1. Does B:T77 count as assigned to a loop (DSSP other than H, G, I, E, B) and either open to solvent by 10 Å² or more (accessible area, probe 1.4 Å) or touching a Gly at 6+ places or on another chain (Cβ under 8 Å) (or both)?
2. Taking the stretch A:180-196 as the region of interest, how many residues are within 14 Å of the chain's Cα centre (by Cα), open to solvent by 30 Å² or more (accessible area, probe 1.4 Å) and among the hydrophobic types (A, V, I, L, M, F, W, C)?
3. Restricting the first residue to the stretch A:173-198 and requiring it to be farther than 14 Å from A:F248 by Cβ, which pairs with a second residue that is buried (at least 22 other Cβ atoms within 10 Å of the Cβ) and among the aromatic types (F, W, Y) meet a Cβ separation below 8 Å and a spacing of at least six or different chains?
4. For the stretch A:64-82, what are the residues that are charged (D, E, K, R) and surrounded by fewer than 24 Cβ atoms within 10 Å (Cβ to Cβ)?
5. Report whether or not B:V91 is in contact (Cβ under 8 Å) with a residue 60 or more places away in the chain and either of a type in the set (K, R) or under 20 Å from B:K62 (Cα atoms) (or both).
6. Take the residues in the stretch A:38-63 that are more than 8 Å from every other protein chain (Cβ to nearest Cβ) and surrounded by 15 or more Cβ atoms within 10 Å (Cβ to Cβ); name whichever of them is farthest from B:R109 (Cα to Cα).
7. I'd like to verify a number: residues in the stretch A:153-177 that are open to solvent by 30 Å² or more (accessible area, probe 1.4 Å), more than 12 Å from the chain's Cα centre (by Cα) and of a type outside the set (D, E, K, R), how many?
8. Can you tell me which residues in the stretch A:139-152 are in contact (Cβ under 8 Å) with a residue 60 or more places away in the chain and open to solvent by 10 Å² or more (accessible area, probe 1.4 Å)?
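The values are calculated or read from the model by the stated rules, or taken from the named source; none is laboratory data. Fair warning: this is a prediction, and the values are worked out from it, not measured in the lab. Every residue, glycine among them, receives a Cβ derived from its backbone with ideal geometry; neighbour counts consider all protein chains shown. Please note that ligands, DNA and RNA were not included when accessible areas were found on the heavy atoms of the full protein model with its side chains. Shrake-Rupley method; radii C 1.70, N 1.55, O 1.52, S 1.80 Å.
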Amino acid sequence: MDEFSVVMKARELLRAVGTTDIPPIEAYLKHLNAKLHVEDDMEDGEDGSSFERNGRLHICVNGNQAPERRNFTICHEIAHRVLGLPSEHGHGPAWSYAHKSPNEVWCDVFAAEILLPYPRFKPLVEKSIIGMAAVNTLAKQFQASLPATASRFATVLAAPCAYVMIEQGIVRYSTRSTALRSAGGWISSGTAIPAESLAAQLRAGKAYQGEIEIAADLWFDDWRRSGTLLEDAYHNASWDQTLSLLWFEDEEIPGGPRTIEQEEEEMGLAELDGVLPWPGRSKRRR
Amino acid sequence: MPESALGVLLRNLRERRQFSYRELAQLADLDHAYIYRLETGSKESPSPEALQKLNRALKSDKRESDMLRFLAEHPDTAPALATLVVEDSSVTYEEFTAAAGMAYRGTARPDYRKLVERIRRIAAEDDDG
């Protein structure tokens, strides 16, 4: 299994269902002859589960969670069935996306693909003014959660963009647009967010006053290009969860990494002048 | 402590018949060390022939032998589920396989008793149409 084949499977389902509904949940359930059960007695951290009985898929979701989150869970459970992947848990801390088992990651990729279908979602993203306001509008339109929509927003955008999910000031995971991936923009999971970031300011209790400018190398690991990012963020104080969206002001990656020649020109050895730098002049006179 | 679901069920069946490892090995015509390894989870997925020998020696009923066969084919099944079916003989093979094959999302897991109760309720609703 790889990301490409997961996306292709999701698009096969989209084509087979052939719906233009937003969100297309009901159409998926009908197509798969699946039955949805909204359970009110699930634990806080239990998003949902699914099982088969007499060839019919039963999907249970947590009735105490927001409908947007339930929608993603339904799509995730559909993914288990369509991809034929069993649940795999217990391979690392539950909070860690980086330690999530591959099956769970593939099911999340599939879920995002069918909840926010590329052919419908991408044109709306490209028409938007980049920022959390646009993410919020699209989340409402597609009845998806803010984190799922923000992640998908950054992934499908043509311009270089990253979405960062932060918990307790630590990067839980990030997603990037193809342009940013190609340029090597990388944010490590498990690291503390930069103190200068809008995400950090909102966590510290500063009032939101819109997006800010921030040096790209503060967010990206080993970033050798220059450039200033724009950052917009949303902070949920009750869960200490922050979503951050990063993109370049002119929507283009700043100039490429400096070449060896450029580095030598700026920082290299002085031009040879025929005078040896050793031993010191005083010793040579003697 | 057994670390596999198959080990949990096999140990329970052996102890219920009050067999030692050597006694069961003799009756089943298998190596006693192999049976010990199956119970402790260091060996899993026994062959259909070995399972048949164990079932015959243990005089397993249909539910037990079906469950042993399922666990041999699904070594990832949680030992906690096997503990439940050992403690609660009302859990049917169908409920057991539905619980074993259940997919989850989230950071919390319900206990298997609760899962089986959920499966029973949904099955009843389904049968009622």
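1. Working: assigned to a loop (DSSP other than H, G, I, E, B): yes; either open to solvent by 10 Å² or more (accessible area, probe 1.4 Å) or touching a Gly at 6+ places or on another chain (Cβ under 8 Å) (or both): yes.
Considered against the rule, which asks whether it is assigned to a loop (DSSP other than H, G, I, E, B) and either open to solvent by 10 Å² or more (accessible area, probe 1.4 Å) or touching a Gly at 6+ places or on another chain (Cβ under 8 Å) (or both), B:T77 comes out as yes.
2. Here the count works out to 1.
3. Between residues of the stretch A:173-198 that are farther than 14 Å from A:F248 by Cβ and residues that are buried (at least 22 other Cβ atoms within 10 Å of the Cβ) and among the aromatic types (F, W, Y), the close pairs are A:S174/A:Y163; A:T175/A:Y163; A:W186/A:F220; A:I187/A:W219; A:I187/A:F220; A:P194/A:W219; A:S197/A:W219.
4. Step one: of the stretch A:64-82, the residues charged (D, E, K, R) are A:68-70, A:77, A:81.
Hits for the stretch A:64-82 are A:E68, A:R69, A:R70, A:R81.
5. On the way: in contact (Cβ under 8 Å) with a residue 60 or more places away in the chain: no; either of a type in the set (K, R) or under 20 Å from B:K62 (Cα atoms) (or both): yes.
No.
6. Filtering the stretch A:38-63 for residues that are more than 8 Å from every other protein chain (Cβ to nearest Cβ) and surrounded by 15 or more Cβ atoms within 10 Å (Cβ to Cβ), the one farthest from B:R109 (Cα to Cα) comes out as A:L57.
7. Here the count works out to 3.
8. Step one: of the stretch A:139-152, the residues in contact (Cβ under 8 Å) with a residue 60 or more places away in the chain are A:139, A:141-148, A:150.
Those that are in contact (Cβ under 8 Å) with a residue 60 or more places away in the chain and open to solvent by 10 Å² or more (accessible area, probe 1.4 Å): A:Q141, A:Q143, A:S145, A:L146, A:P147, A:A148.
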